[in-house]
Amino acid sequence: MLYVIGLGLGDEKDITLRGLEAIKKCSKVYMEAYTSLLSFGLTSDGLSKLEKVYEKPIIVADREMVEEKADDMLLEAQVSDVAFLVVGDPFGATTHSDLVVRAKKLGVDVKVVHNASVMNAIGVCGLQLYRYGETVSIPFFTDTWRPDSFYEKIKRNRTLGLHTLCLLDIRVKEPSLESLCRGRKVYEPPKFMTINTAIEQLLEVEQNHEESVYNENTTCVGLARVGCEDQVIIAGSMKQLLTLDFGPPLHCLVIVGDTHPLEEEMLEFYSIDKTSKQT
């Protein structure tokens with residue numbers, strides 16, 4: 001049996017009782033560590049905290065392991081119970097759907113234990129979930145690679161008056177371009193996109209397209225560490241949010257579409273004017 005278990009968004013305590021029960025009867029426990037990170041993942045003792053609560057040793061599964069060597073884990077699941085832990089909800093990333101498909105093709109039974117993810121926890125800012133359009137991902141720009149396919153998706157959302165959730169890039173255990181050219185992988189330090197960088201890139205893309213999909217006066221909501229005790233939620237224009245320090249990762253950004261009066265009332269609680277007075 002392969003158990004694919006969501007861990008939620010905060011720390012080791014956010015796992016469900018059903019998820020914890022499943023972990024404790026598994027012979028091996030793998031922890032996916034590249035599509036997202038719990039707050040524990042940013043600290044030196046994070047993994048040991050998980051192992052203490054779950055009472056199991058945990059094998060960290062990076063991108064290479066999951067995408068290239070997953071069959072080894074699935075073969076283990078043919079003869080014993082194996083847990084694969086995922087930050088948020090198991091189906092928050094396409095990689096995990098692919099893992100389930102591969103398991104079923106090998107005849108491995110799969111059980112999924114759901115949990116909170118950014119896709120539903122984003123409702124905390126007051127914008128109703130059913131008023132969101134397609135979610136987009138904002139990748140880090142480089143000197144030679146500045147993708148902007150997300151622009152058309154944001155355009156479609158805003159044409160329909162819908163909000164857009166922007167998930168910001170996470171780079172964990174990424175090989176450097178120089179090392180790949182030399183045929184020997186050397187990994188770059190972890191890198192997490194901030195709300196500030198995301199807005200800078202969004203405005204650059206708008207400047208290049210000049211279709212007035214959004215501008216520096218467009219209302220957005222910046223969110224940091226959603227689901228954690230120290231989460232930050234601030235609503236304001238792109239120009240206003242660009243100057244703020246949202247603190248440690250993980251960050252995400254919502255580009256606000258047309259709003260209902262109740263949404264406007266909720267957003268007012270998080271307006272930059274009110275939050276600055278509180279601090």
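General remarks:
- Failed item in (1) touching a residue at least 12 places away in the same chain (Cβ under 8 Å); (2) within 19 Å of Gly123 (Cα to Cα), with Glu264 passing the rest: (1)
- Options Leu47, Leu20: the member that is in a helix (DSSP H, G or I), open to solvent by 10 Å² or more (accessible area, probe 1.4 Å), closer than 24 Å to Cys228 by Cβ and at pLDDT 95 or above: Leu20
- Residue, modelled with the lowest pLDDT, within the range 174-201, restricted to residues that are among the hydroxyl-bearing types (Ser, Thr, Tyr) and in a loop (DSSP other than H, G, I, E, B): Ser176
- Taking the range 202-279 and the helices (runs of 4 or more DSSP H) fully enclosed by it, the elements with 2 or more residues that are at pLDDT 95 or above and surrounded by 12 or more Cβ atoms within 10 Å (Cβ to Cβ) are at 238-241, 261-269.
- The helices (runs of 4 or more DSSP H) found wholly in the range 52-167 and carrying at least 3 residues that are over 18 Å from the mean Cα position of the chain (by Cα) occupy 63-68, 70-79, 94-105, 150-159.
- Among the residues of the range 214-236, just one is over 21 Å from the mean Cα position of the chain (by Cα) and under 14 Å from Lys274 (Cα atoms), namely Gly236.
- Residue check, Gly126 out of contact with any strand residue (DSSP E or B) (no Cβ under 6 Å at 6 or more places or on another chain), buried (at least 17 other Cβ atoms within 10 Å of the Cβ) and at positive phi: yes
The values are calculated or read from the model by the stated rules, or taken from the named source; none is laboratory data. The structure displayed is predicted, hence computed values, not measured ones. Methodologically, a virtual Cβ is constructed for each residue, glycine included, from the backbone with ideal geometry; neighbour enumeration extends over all protein chains shown. For accessibility, only protein heavy atoms count, side chains too; no ligands or nucleic acids. Shrake-Rupley method; radii C 1.70, N 1.55, O 1.52, S 1.80 Å.
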